[in-house]
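The values are calculated or read from the model by the stated rules, or taken from the named source; none is laboratory data. Computed from a predicted model, the values in this text were never measured in an experiment. Note that we place each Cβ from the backbone using ideal geometry, even for glycine, and neighbour counts take in every protein chain shown. Accessible surface areas use protein heavy atoms only, side chains included; no ligands, DNA or RNA. Shrake-Rupley method; radii C 1.70, N 1.55, O 1.52, S 1.80 Å.
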Amino acid sequence: MSQIISLVINMQKRAIIVFFSICFAMGFLCVRLFTISCELSDASYIQSHYKKITLDTLRLPVYDMNGKKLLNNGTENYIAARPGEKSLETLKEILNEDEFKAISPSLLKGSPSYVDVGQKEIANNDNVITLKKYLRYSERQTAAHLLGYVNSDGSGVSGIERCFDDYLKTDIKLYAGFLSDVNGNIVNGAPIETDKRYNESKAGVYLTLDSGIQKTVEEELSVSEIKKGAVLITDTKSGAIRAVASVPTYEPADIAKSMNDPDSPLVNRALSAFPVGSVFKVAVAAAALENGFNENETYLCSGSVEIDGKIFHCNNSTAHGEINMCKALEHSCNCYFVELSRKIGADKILETAKIFGFGEKTEIAKSLYSFSGKLPTKEELKLPGNLANFSFGQGSFTATPLQIANMFSAVANKGSYTLPYSVLYAADIDGNMSYVNTPDAPVHALSKNTAQKLSVMLKSVIENGTAQRAKTEGFACAGKTATAQTGSYNPDGSEKLCTWFGGYFPADNPKYTVVILKEDGSTGGADCAPVFKAIAQRIAETEKIIGN
């Protein structure tokens, strides 16, 4: 019996111990939960009691190939201040009278405020801080047509701004945050909160452009006679666009100013199609060589040739006499190429033209395309007159500077070219690659033998032919001029002409392919060749290019 009583007593003791242990644990848990609740409440209180001055939402920059900003280059400064006498004393010493009058009423009422101070800066402290707001566009914005512009809502409308709109938008704010108490009073001594990512981020879209080459192109265009036209420079081997400029240009920050301009400054002429003219003779010569034609075979040019009842002339009806392919390119002899097209046929020329990309649009960035231009059909070219026109780049045929660059790059690069492109990659705010461009595989357009023969001829065009004004000092170049009829006329009855130069340099170790277009020109040799020379000379001096 005593054993049973003892067992019961022990069980009661154990129950009491377990009971108090549970009570202690529950009590500890309640205290901890209360503490956590207080901490969360305090954190919530702190976060929800900030008065913020928000000036801007970050739109990510666009950079060149070397990481130099093309957009968000400039800034304007704002001074944000905590209300109070200390701020007013500091501001009175550094602001002019108008700036001080603009900011002081709010500060005297107990509200934080800000004022635009242009380029003025101050040393930050606990009461005043400088906020640097990006200016999206420069006064003379470089590469304006490729970069594009945004609308009043900050959304991309054209160019890179449009096709990378989702990559360039962020929710990062430029702001100054001031801690306040439960009554809304600004707390003295608390640091002013900002988001450093606004000014320190390396995120954005990185292009293939070289800002130094771009600057050279734009400066030379500005002092040239080309008031409507374009310049395109690509890396001969990779197809990467190093510079692209269209004139007249426009101000991305003031689009309305250009909307009704009769010269259409919003048109990107580097991506648009125009009558081509004699630069296309390079394609006809390539088609002939690829199909076994002997470049040394001669033709007797009398200055004109009759095809199907129509007379086709060389420039000024000049009789070039007995010439071979090289001489025909040097003197841009129309009659030679009319006869050459008859010998090789329309199919061979069209085949070669298509390999160069004529008649096809080109995607130079994600959903950013050039025009396709117009390539005549086989049916059209069954008419001898149409084939004759096509042989020297006339008739219904139109093309873009990009397509002409493909042709010259193929010749320069031993028969192959890569389609031009303008974007390398996009990086997000965390430094991750959010988009990486993969260039197209090279297009094998010509045999190495054909490319070498054409290279020798195009070098001679500059040394001895119509493109002598493109001749540089210290290194050789290769290229071809063109003067294309448009079928449109000036008020005085003269026909409007498109003039061209296409080529590459240095001739013996090509690095850059250059295409230059002028609307309303006179001749390719007079209008475009000198611009090529100026651009090539400056790039060569900067990069210390030495050739023969």
- Item | Which of 284, 491, 398, positive extreme of dipole for the chain (C-beta unit charges) | 284
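Could you sort 286-292, 198-204 so that the peptide with the highest average Cβ count within 10 Å comes first and the rest follow in order?
286-292, 198-204
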- Cross-link partners of residue 86 among aspartates and glutamates (Cα-Cα below 13 Å; sequence separation of 8 or more within a chain): 126
- Item | Rg [Å, one decimal], Dmax [Å, integer] - the stretch 309-348, C-alpha atoms | 10.7, 30
- Cα-derived Rg to Rh of the stretch 95-211, Kirkwood definition: 1.06
- Task: Note the angle between two axes, namely the Cα long axis of helix 529-543 and the longest principal axis of the Cα atoms of the chain, as a number of degrees from 0 to 90, rounded to the nearest 10.
- Result: 50 degrees
- Message: Under the 0.36 nm per residue contour assumption, what length would be gained going from the current alpha-carbon distance of residue 50 and residue 223 to full extension?
- Response: 56.9 nm
- Helix 401-412: inclination vs the chain longest Cα principal axis, degrees, rounded to 10, gives 70 degrees
- For 121-128, 252-259, 515-522, ranked highest to lowest by mean beta-carbon neighbours within 10 Å, the order is 515-522, 121-128, 252-259
- Item | Calculated diffusion of the stretch 404-548, Stokes-Einstein form, Kirkwood radius summed over Cα pairs, 37 °C and 0.692 mPa s, µm²/s | 195 µm²/s
- Item | Where the stretch 433-547 is the region considered: accessible area per residue in Å², 1.4 Å probe | 43 Å²
- Item | Largest-first principal axis extents, alpha carbons of the stretch 276-403, Å | 50, 29, 26
- Which angle between 0 and 90 degrees, to the nearest 10, do you get for helix 448-464 versus the longest principal axis of the chain when only C-alpha atoms count? 80 degrees
- If you roll a 1.4 Å probe over the chain with all protein chains in place, what percent of the accessible area is carbon or sulfur? 52 percent
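Going highest first, how would you order 92-101, 220-229, 296-305 by mean Cβ packing within 10 Å?
Going by the mean number of other Cβ atoms within 10 Å, highest first, we get 220-229, 296-305, 92-101.
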- Item | Entry for volume of the Cα convex hull per residue in Å³ (calculated from the structure that is shown) out of [x] 165; [y] 257; [z] 178 | [y]
- Item | Non-local Lys pairs in the stretch 417-512, i.e. 8 or more apart or on different chains, that have alpha carbons under 23 Å apart | 13
- Task: Could you work out how far apart the two model spin labels at residue 543 and residue 383 are, taking each label as a point 7 Å from the Cα in the direction of the beta carbon, and quote it in nm?
- Result: 4.4 nm
- Coordinate range along principal axes, alpha carbons of the stretch 43-153, Å, largest first: 49, 40, 28
- Item | Rh (Kirkwood; distinct C-alpha pairs) - the stretch 323-374, Å | 13.2 Å
- Query: Efficiency by 1/(1 + (r/R0)^6): what FRET value for residue 291 and residue 169, r their Cβ-Cβ distance, R0 = 56 Å, to the nearest 0.05?
  - Reply: 0.60
- Looking at the stretch 201-263, what % of the alpha carbon pairs are farther apart than 14 Å? 66 percent
- Divide by every residue of the chain the summed helix terms, -39500 (n - 2.57) for each DSSP H run of at least 4, and state the resulting mean residue ellipticity at 222 nm, rounded to the nearest 500 deg cm²/dmol. -10500 deg cm²/dmol
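So for the stretch 173-224, Kirkwood radius off the Cα pairs, Stokes-Einstein at 25 °C and 0.890 mPa s: how many µm² s⁻¹?
Details: Rh = 15.7 Å.
Approximately 157 µm²/s, per Stokes-Einstein.
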